[in-house]
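The values are calculated or read from the model by the stated rules, or taken from the named source; none is laboratory data. Since this is a predicted model, take the numbers as computed values, not measurements. Cβ coordinates were reconstructed from backbone atoms using ideal geometry, including for glycine residues, and neighbour counts include every protein chain displayed. Calculation scope for accessible area: heavy atoms of the full protein, side chains included, ligands and nucleic acids excluded. Shrake-Rupley method; radii C 1.70, N 1.55, O 1.52, S 1.80 Å.
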Amino acid sequence: MDKPRVGVIGVGKMGRHHARAFAQLEHLCRFVGVCDVDEATGRAVAQRFGGTFFRRPEDLLAEVDAVTSAVPTRDHLTLGLMAV
């Protein structure tokens, strides 16, 4: 069975830790990349942990099997609905 492809949306305080953890769990999953409204931060986190930066959540969601939503609470419903 192939490893699940994972990503992170929102790489501020908590999301960057999720990206690091996914990258370190390469025996369990394949870290695809991140998406963030701050392009410079998103690109830096993606480069640091070996993923791709995606400008739009929809683009990242199209490439993964699972995603961490590490965005402000007010955005959880919107992103959750995108992921279904």
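Does Val8 count as within 17 Å of Val64 (Cα to Cα), part of a strand (DSSP E or B), open to solvent by less than 10 Å² (accessible area, probe 1.4 Å) and touching a Leu at 6+ places or on another chain (Cβ under 8 Å)?
When the stated conditions are applied, Val8 does not pass them.
Does the range 63-84 hold any residues that are outside any helix (DSSP H, G or I) and either open to solvent by 70 Å² or more (accessible area, probe 1.4 Å) or not aliphatic (A, V, I, L, M) (or both), and which are they?
Glu63, Asp65, Thr68, Ser69, Pro72, Val84
Residues being in contact with a strand residue (DSSP E or B) (Cβ under 6 Å, 6 or more places away or on another chain), in a helix (DSSP H, G or I) and either open to solvent by 60 Å² or more (accessible area, probe 1.4 Å) or of a type in the set (Phe, Trp, Tyr) (or both): count how many of those fall in the range 22-42.
1
Being within 22 Å of Ala23 (Cβ to Cβ) and without any contact (Cβ under 8 Å) to a residue 24 or more places away in the chain is the filter here, so list the residues in the range 62-84 that pass it. Spell out the reasoning first.
Within the range 62-84, the subset within 22 Å of Ala23 (Cβ to Cβ) is 62-71, 79, 83.
Matches in the range 62-84: Ala62, Ala83.
Return the residues of the range 11-21 that are open to solvent by 70 Å² or more (accessible area, probe 1.4 Å) and part of a loop (DSSP other than H, G, I, E, B); say none if nothing qualifies.
Lys13, Met14
Name every residue in the range 43-57 that is open to solvent by 70 Å² or more (accessible area, probe 1.4 Å) and in contact with a Cys (Cβ under 9 Å, 6 or more places away or on another chain), in order of residue number.
Arg55, Arg56
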